[in-house]
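Presented below is the structure to which this report refers.
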Amino acid sequence: MATAWKKSRSRSAESVDPRHILFLTDNFPPEVNAPASRTFEHCRAWILCGYRVTVITCAPNFPQGEPFAGYRNLPWQTEYVEGIRVIRVWSYMAENQGFLLRVIDHISFMISAVLASLFVRKVDVIIGTSPQFFTACAACAAAALKRKPWVFELRDLWPDAIRAIGAIRSRVLFRCIETIELFLYRRANLIVAVTHAFRKDLVRRGISASKIRVITNGVDLARFRPTTKDPELIRKHALQGKFTVGYIGTQGMSHALMTLIDACSLLAKRADACKIHILMIGDGAEKRVLKREAECRHLKNVSFIDTVPKADVPRYWALLDLAVVHLKDLPVHRTVIPSKIFESMAMGIPMLHGVKGESQDIVQKAGAGIIFEQENPADLAEKIVELSRSSDAMRAMSVNGRAAAPQYDRNVLAQEMLTEIAQL
C-alpha cells in the first residue's frame, strides 16, 4: 500500500523560515481512516499557504496493527510528503481490538512523540489530535517543554465514547482518565472541535467557550466527485447488473454492523431484492465476526473487501448506488459527524443514514439521503428495497448531495483552522 502513496524528498519547504506548525497524530496516510485524511489534507493546505509543517506520527499500521508494505517500526524515520515533513517514530503496535493492548499502543506513541518533538527546531505552535487523548497528552507535554502554545483538536469525546461501548467498566479508571481529559482542555490554548455538540459538552463541563472553535470534517473535492463505475472493479467483484449498497470505513464495536448482516438475511428472503448486493469495505475489530456470521448464514448477497489504498478509495465509492452510514444507538454517538457523509455527498451517492443527532440534521437539511432507525435491520432492508425501485428519489438525493458538498470543502475548512491557529 505504501507504493501508492506519493512521497517527495524535496526540502524546498525548509529553504525559508515561515511559521512552523508541529502536528502530533498517530494516524497519517497511507492509512485511510478519517483522522489520517483530515490531518494530511489540512497540513497540505497549510503548506500551500506558506507555512512549514512537521508531522510526528508512527509507521502506518491501522487497523491491522502491522506496518504497511514499505515501512518498518523504527525509532526514527523521516520522509517528505507534498512538502510536509513526516517523522515516524516507534510505537507498540496492536490490532484495533482489545482495550488494554490499544492503550499500550497509544501510550508508547505518546512517549515516542514527546521525545521526538525535542529534536524538532523552531516550532511556533503544536497541535495534538484525538480520538485517543494520549496524543493530546503528548502535545501538551511537548508544548510545556518548548514553551509554545498548543491546540487540542477534538475529534471524539474520549473517554466517554469508549465507556459507552463497554471498553471501560471501572468507575475509578474512568474518573482518572476524565480528570486528565479536563486538565488537557483547560491547558490547551485553543480547542478545535469537529462538531457543535462537542463544543456544547465542553462548555457544560466548565471549559471556556472563548477558546473553543468548531471546524467540522469535510471532503477533498478534487478527489471525491461524481465518477462512472469502474468496469474492471465491477467484473472483479461480480457486481454486473446489481444494485450495489455499500458501507465504507472501520468495522468496529461502535458501528453495530451486525445490523447490516441481519438486513442481508432479510433481503435474501425477498424475491424483489434478488438484484441487491451489499459491499462492506474496510477493516476493524468486528470484521472477522461479521464475515463469520455471513458465512454461517450462507449469505450470497454480501461481500467483504479489505482496506484499499488511499488513491483507490474514490474508485470504490463510485461502485455504490447507495451508501449506508451507521453507528450503535448510544447517546454519545449523537454528538459525532461521520466524515463519510461528506464523501458520499461529493460523489453524488445517496445515503441511508442511521445516526441520530447533528449528523442526521446535516443529511436531512441537504436532502442527500433518508433516515433509517438505528440497529433496526428490518427498517434498513425495507428502505433499501424502496430506493432500489425509485430512480427519481435516488437522482434527487444525488443532485442535492453534490450541491451541498462545497459547504464542506476541506481546503476552505483548513484555511479557517489556520486563521484560528495564526492568532496564537
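Would you calculate a helix-derived [θ] at 222 nm for the chain, using -39,500 (n - 2.57) for each DSSP H run of n ≥ 4 and dividing by the full residue count, to the nearest 500?
-12000 deg cm²/dmol
Kirkwood hydrodynamic radius of the stretch 99-145, from the reciprocal of the average inverse Cα-Cα distance over all distinct pairs: 10.9 Å. Annotation: Cα Rg of the chain relative to the compact-globule expectation 2.2 N^0.38 Å equals 0.97. The trypsin sites (Lys or Arg not before Pro) of the stretch 188-217 meeting both criteria, a DSSP state outside H, G, I, E and B (loop) and at most 15 other C-beta atoms within 10 angstrom of the site's C-beta, are ARG205. How tilted is helix 287-296 with respect to the longest principal axis of the chain? Cα atoms for both, answer in degrees (0 to 90, nearest 10). With both axes taken from Cα atoms, the answer is about 10 degrees. Annotation: extensible slack from VAL214 through ARG175 equals 11.4 nm (criterion: 0.36 nm per residue apart, minus Cα-Cα distance).
Once the Cα atoms of helix 377-388 and of the chain are each reduced to a long axis, what angle between those two axes, in degrees from 0 to 90 to the nearest 10, is obtained? On a 0 to 90 degree scale, this one is about 70. Residues THR419, THR25, THR228, THR54, arranged from fewest to most other Cβ atoms within 10 angstrom of their Cβ, appear as THR228, THR419, THR54, THR25.
Spin-label pair ALA238-LYS269: with each label point 7 Å from Cα along the Cα-Cβ axis, the two points sit 2.4 nm from one another. As a test, work out the antiparallel percent of DSSP beta bridges whose residues both lie in the chain, rounded to the nearest 5. Of those bridges, close to 15 percent are antiparallel. Between the Cα long axis of helix 99-117 and the first principal axis of the chain there is an angle of about 40°, rounded to the nearest 10.
Backbone phi angles across the stretch 206-215, fed through the Karplus curve with coefficients 6.51, -1.76 and 1.60 (θ = phi - 60°), yield HN-Hα couplings of x, 7, 4, 5, 5, 10, 10, 10, 9, 10 Hz in residue order; Gly and Pro are listed as x. Placing pseudo-labels 7 Å out from each Cα toward the beta carbon at PHE183 and LYS300 gives an inter-label distance of 5.9 nm.
Each Lys or Arg adds one and each Asp or Glu takes one away; over the other residues whose Cβ falls under 13 Å from the Cβ of ARG72, this sums to -1. As a length-normalised measure over Cα pairs under 8 Å and 6 or more apart, the relative contact order of the chain settles at 15 percent.
If each residue of separation counts as 0.36 nm, what is the full-extension length gain between GLN364 and GLU66 once their alpha-carbon separation is subtracted?
Values: separation 298, 0.36 × 298 = 107.28 nm, distance 3.91 nm.
Between GLN364 and GLU66, full extension yields an extra 103.4 nm.
Amide H contacts under 5 Å for VAL55: PHE23, ARG85, VAL86, ILE87, restricted to partners 5 or more places along the chain or on a different chain, H placed in the peptide plane at 1.01 Å from N. Whole-Hz Karplus values for the stretch 411-424 come out as 5, 5, 5, 5, 5, 4, 5, 4, 4, 5, 5, 4, 6, 6 Hz, taken residue by residue from phi with 6.51 cos²θ - 1.76 cosθ + 1.60 and θ = phi - 60°; glycine and proline positions read x.
No lab work stands behind these numbers, since they all come straight from the coordinates. Given the structure is predicted, the values throughout are model-derived calculations rather than measurements. Quick reminder, even Gly has a Cβ in these numbers, built from the backbone with ideal geometry, and neighbours come from all protein chains shown.
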